[in-house]
Amino acid sequence: MADIQNIDLSFLSIDDYQELKATMIESYVSMPNNYWREHHIETLINSFPEGQVVIKVNNQIAGCALSIIVDYDKFGINHTYKDITGNYTFNTHTDNGDMLYGIDVFIKPEFRGLRLGRRLYDYRKELCERLNLKGITFGGRIPNYAQHSDSLTPKQYIDKVKHKEIADPVLNFQISNDFHPVRILKNYLEGDKESNEYAVLLEWDNLYYEPENVNPTANKKVVRLGLIQWQMRPYSYIEELMQQAEYFIDAVSGYRADFALFPEFFNAPLMADHNHLNEAEAIRELAKHTSSIVQKFSELAIAYNINVITGSMPELQENNLINAGYLCKRDGTVEKYEKLHVTPDEAKVWGMQGGQKLKAFDTDCGKIGILICYDVEFPELSRLLADEGMDILFVPFLTDTQNGYSRVRNCAQARAIENECYVAIAGSVGNLPNVHNMDIQYAQSMVFTPCDFAFPANGIKAEATANTEMILIADVDVDMLRELHNKGSVRNLKDRRKDIFELRKL
């Protein structure tokens, strides 16, 4: 076909019928009754014109795709071609349905090899997304199965096709276009001897499908993050500390951020008043401020219409000292997260113990996870959160030296890649010469992304200036993660070998 002058995708017209009929007859040589009658095509066009398209090469019909919309719950995964088409009347089509059902796709033999079928499928996918349908489904023929039916069950046949041990041009094509087999349909298409009347129910899921929401609010898809790189400085009293915290919340809220992330132990300057005590006693005094700080953060979250992640603070829990933080949502609810792995220094100097709670949090911007500093260096935790649907991982941290920071930074970036999520880290900078065990800090707050074509090549969305007090604002697109999960160059979440290992909470 070296003389191709134009390829055009257009809606099917009843005026195309005679040429369409000839194309169908050529495309389905081995099938009985191998073309749709004119009244069938007219019904489809009148019922759902957007679902009926032809592709023309040099103004000649080269292929066609026919579709309807169905209320899929009425049919389920056990149905025949007659069921789904209403005995070929297409009265099963409804504009209020939730699934695009493929009635037919065919390419004229002389035009095969030009990837025209892919163009038809791409149109169907775009139509499905535009109409906000759950996905596309259809019964796919397996025309080579009759050659193997004496030795293989349909399931065995499909497995061999998937593993490239058997070539089936129809099924191979569907799988290469991101359709996944759901089940075997028996007695699906009457007269399909090549398939022994078996078909494979195939589905493509619309990543952008949004269920109808009766509430006036919906989860945001582009989320704005506000990271606070906090300067450690002396504060005489708690009100002065929270005045500085409010200043930063006001600033990031002014940029319409959805989250404000504070660092680990940002309230450590208040320990200066307890320097006459040993370190373990001083941090327990600091823990007495935690509840009032959380209450103030919750008030600020409501007042400034922003979700506040409070970094972390020491807290006494049943007489045990833990490192905990709070997610103060703008709707007034407050949820707690805990540091599960304490560092050797935290255990030795302060007598701190690891917490027990790990969970992903629902927010108005989707599911998020929060891991405090050292916890991000344990990949199992973020993987468990990813299994719960986490899109953004927040990591408040505190590190005194650059090598300590590098551990947090490099592990955080690895978590973004392996869990196909965004990771935001925020730390403190400056010095506290009057607070024992908190003398110096090193930080560079950052937002990491997966590494694929839709994201920055180096996996860094935004980065603050190292060791300087500032805020960092970055937008992250959650829909890009959905695309990555299913169409990425690599698929770290989907490609896990769950047949040989598993990860679960106790």
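Across the range 438-463, the number of residues qualifying as of a type outside the set (Asp, Glu), in a loop (DSSP other than H, G, I, E, B) and either in contact with a Gly (Cβ under 9 Å, 6 or more places away or on another chain) or at positive phi (or both) comes to 10. Looking only at the range 264-281, residues that are acidic (Asp, Glu) and touching a Ser or Thr at 6+ places or on another chain (Cβ under 9 Å) come to 2 in all. Does ALA287 qualify as being surrounded by 15 or more Cβ atoms within 10 Å (Cβ to Cβ), within 25 Å of the chain's Cα centre (by Cα) and either on the phi > 0 side of the Ramachandran plot or hydrophobic (A, V, I, L, M, F, W, C) (or both)? In short, no. Screening GLY191 against (1) touching a residue at least 24 places away in the same chain (Cβ under 8 Å); (2) surrounded by 15 or more Cβ atoms within 10 Å (Cβ to Cβ); (3) of a type outside the set (Ser, Thr, Tyr); (4) not in a strand (DSSP E or B) leaves a single unmet condition, (2).
When PHE501, PHE453, PHE448 are screened for being exposed (fewer than 13 other Cβ atoms within 10 Å of the Cβ), closer than 22 Å to PRO379 by Cα and among the aromatic types (Phe, Trp, Tyr), only PHE501 passes. Output yes when any residue across the range 43-59 is touching a residue at least 60 places away in the same chain (Cβ under 8 Å), more than 20 Å from TYR123 (Cβ to Cβ) and not small (Gly, Ala, Ser), and no when none is. Within the range 43-59 (the criterion being touching a residue at least 60 places away in the same chain (Cβ under 8 Å), more than 20 Å from TYR123 (Cβ to Cβ) and not small (Gly, Ala, Ser)), the answer is no, since none of the residues qualifies. Listed by first and then second residue, the pairs linking a residue in the range 269-290 that is touching a residue at least 40 places away in the same chain (Cβ under 8 Å) to a residue that is surrounded by fewer than 19 Cβ atoms within 10 Å (Cβ to Cβ) and of a type in the set (D, E, K, R), with Cβ atoms under 7 Å apart and 6 or more places separating them unless they lie on different chains, are PRO269/ARG233.
The sole residue among ASP104, ASP73, ASP83, ASP95 that is part of a strand (DSSP E or B), within 38 Å of the chain's Cα centre (by Cα) and either in the same structural domain as LYS186 (by TED's automatic domain parsing) or at negative phi (or both) is ASP104. Residue-level check: of (1) within 24 Å of LEU316 (Cβ to Cβ); (2) under 24 Å from the mean Cα position of the chain (by Cα); (3) surrounded by 17 or more Cβ atoms within 10 Å (Cβ to Cβ), LEU398 misses just (2).
The values are calculated or read from the model by the stated rules, or taken from the named source; none is laboratory data. Remember, it's a predicted structure, so these values are computed and weren't measured experimentally. Here Cβ is always computed from backbone atoms with ideal geometry, including for glycine, and neighbour counts include all displayed protein chains.
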